[in-house]
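Only one structure is covered here, and it is reproduced in the block below.
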Amino acid sequence: MAAIDLFPREYGYVVLVLVLYSFFNFWMAGQVGRARKKYKVFYPNLYALESENKDAKIFNCIQRGHQNSLEMMPLFFMLMIFGGIRHPCISASLGVLYVVARFFYFRGYATGVPEKRLTIGKYFFLALLGLMICTISFAVTLLRA
């Protein structure tokens, strides 16, 4: 039996959402790179110091939006990969919600007003909760088999 037979056909949607998020991550990294040039925050500095840079807050918000997405990425990927085995269509749909919400989270944060990250961006929590339920369902299925 080929390894591909172990996954439901719809699991391809899960894989595509993970690739979509990877492209989104590259886009956010590009936004940080452009902000580095615009606001003159050079490597190896991760953040700008307000005492040295009048645009520190806006740069730091852009950087923080990407950094937070990187911090959440392992959790998102793990939940997508495992929850998607049992519930590929639900997980892929929740994954799309997650990516869209993270886009608005990043865009809101990048305004320099951190509270704006949560207007639509807060729904990524809902997506993660749904993915946790899918992953728990997969675990219970394994335990009962």
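The per residue volume of the convex hull around the alpha-carbon atoms of the chain is 116 Å³.
How big is the charge dipole of the chain about its Cα centre, in debye rounded to the nearest 20, if each Lys and Arg gets +1 on its Cβ and each Asp and Glu gets -1 on its Cβ?
440 debye
Shown here for region 1-98: GluC sites (Glu not before Pro) in loop regions (DSSP other than H, G, I, E, B) with at most 10 other Cβ atoms within 10 Å, namely 52. Between residue 48 and 60, the built amide H atoms are under 5 Å apart, and every one of these is 5 or more places off in sequence or on another chain. Per-residue 3J(HN,Hα) values for region 54-68, derived from phi via the Karplus relation 6.51 cos²θ - 1.76 cosθ + 1.60 with θ = phi - 60°, read 5, 9, 4, 4, 5, 4, 4, 5, 5, 4, 5, x, 6, 4, 5 Hz in sequence order (x marks Gly and Pro).
All other residues whose Cβ lies under 15 angstrom from that of residue 21 are scored, Lys and Arg at +1 and Asp and Glu at -1, for a net of 0.
Answer rounded, prolate or oblate for region 94-144, using the Cα gyration tensor with square roots of eigenvalues a ≥ b ≥ c: rounded when a/c is under 1.5, else prolate when a/b is larger than b/c, else oblate. Could the numbers behind the result be given before it?
On the way: a/c = 5.04, a/b = 3.78, b/c = 1.33.
In terms of gyration-tensor shape, prolate.
Phi-derived couplings, Karplus 6.51 cos²θ - 1.76 cosθ + 1.60 at θ = phi - 60°, listed residue by residue for region 7-15: 10, x, 3, 5, 4, x, 5, 4, 4 Hz, with x used for Gly and Pro.
The modelled label-to-label distance for the pair residue 47/residue 143, using points 7 Å beyond Cα in the direction of Cβ, is 4.0 nm. The chymotrypsin sites (Phe, Trp or Tyr not before Pro) found in region 27-58 that occupy coil by DSSP, while having at most 10 further C-beta atoms within 10 Å, are 42.
Each value in this text was obtained by applying a stated rule to the coordinates, not by laboratory testing. Since the model is a prediction, treat every value here as computed from it, not as a measurement. Cβ: placed from backbone, ideal geometry, glycine included. Neighbour counts: every protein chain shown.
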